[in-house]
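Step one of this worksheet: look at the structure below.
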Amino acid sequence: MAYENLIVEKRGPVTLVTVNRPDKLNALNVRTREEILEAFENLREERGIRVVVITGAGEKAFIAGADISEFVGKTPLEEREIMQKSRAFDAMEDFPKPVIAMINGYALGGGCELAMACDIRIASSKAKLGQPEIKLGIIPGGGGTQRLPRLIGEAKAMELILTGDMIDADEALRLGLINYVVAPDQLEARTMELANKIAEMSPIALQMAKKSVKNAARLGLFAGLEAETDLFILCFTSEDKEEGMRAFLEKRKPVFRGR
């Protein structure tokens, strides 16, 4: 399917989704958020796709933020309606397959929020991350005030949101905001290596594992443990569970089919 602001490239079990507005530093406008929603909905139904990687076109930016030109002149009710309709970040977080952010440059505002909605984040050593909305007289509106404290703790999240300061990739790694920092020329290779490693696992187990980990931030401990047990047991209904156990006992590599 052709998109105006996205490039969707299938590489075996991994699909690379690229936000393609390099002249705007891949800033997220309404159209782009709608296309992300549509693309992820289409990928949800494709059994052959096991992992999705999302990045930005060019070398300067992953996503430099929202397209501020679309905010000017909007009434509160108009903007609220837009925000409620274009919940691309929530759709990515709830996507049943693993999603990896390949952060190749500026990941600011909505770009940082999109990255935080992914399951794993790998950044170029030249990347810069932050929530600078406070400098525009607004606050993060795509999950920044909720996901950032969960990832790095309330105190540091409060500092970054109240100052609007950017941090470099090494600091983001130290804080736990990203998983890896790699040289710019190794970013795609390292990301695809990890994506393909994950893609070798059972799609059913991946879905159950992702859901269970997400529950940790959404449920209390007792409810989370109960839900984990249920998801664990659900894995026992799959052919992949039998294949994984037999392969282990037979000392061979399992071949998971997502059944």
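Derivation of every value follows stated rules applied to the coordinates shown; laboratory data play no part. A quick note: this is a predicted structure, and the numbers were derived from the prediction, not measured. Glycine also receives a Cβ, built like all others from the backbone with ideal geometry; neighbour counts cover every protein chain displayed.
Largest first and in whole Å, give the semi-axes of segment 203-249's equivalent ellipsoid, each being the square root of 5 times a Cα gyration tensor eigenvalue. Kindly include the intermediate steps, with their values, before the conclusion.
Details: eigenvalues 114, 19, 12 Å².
Ellipsoid semi-axes (Å, largest first): 24, 10, 8.
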Over the Cα atoms of segment 114-259, what radius of gyration and what Dmax do you get, in Å? 19.0, 62
What does the helix-only formula give at 222 nm for the chain: each DSSP H stretch with n ≥ 4 adding -39500 (n - 2.57), the total divided by the residues, and the result rounded to the nearest 500 deg cm²/dmol? -14000 deg cm²/dmol
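Most exposed first by the Cβ proxy, i.e. fewest other Cβ within 10 Å, how do 166, 245, 116 rank? Walk me through the numbers before you get to the answer.
Working: 166 18, 245 12, 116 27.
Neighbour counts put them in this order, fewest first: 245, 166, 116.
Which entries in 126/214; 60/211; 24/97; 126/241; 10/126 show an alpha-carbon gap greater than 31 Å? Working shown, then result.
Values: 126/214 29 Å; 60/211 33 Å; 24/97 29 Å; 126/241 41 Å; 10/126 26 Å.
Flagged as over cut-off: 60/211; 126/241.
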Residues 256, 236 arranged by fewest to most Cβ contacts within 10 Å: 236, 256
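As an exercise, use a Förster radius of 45 Å and the Cβ-Cβ distance of residue 11 and residue 237 to find the FRET efficiency, rounded to the nearest 0.05. Please list the in-between numbers first.
Working: r = 30 Å, r/R0 = 0.67.
After rounding, the FRET efficiency stands at 0.90.
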Could you work out the percent of alpha carbon pairs in the chain separated by over 27 Å, rounded to a whole number? 39
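Could you tell me which trypsin sites (Lys or Arg not before Pro) in segment 210-258 are loop residues by DSSP with no more than 11 other beta carbons within 10 angstrom of their beta carbon?
Working: sites: 210, 211, 214, 218, 241, 246, 251, 252, 257; in loops: 251, 252, 257.
Passing both the DSSP loop test and the Cβ count: 251, 252.
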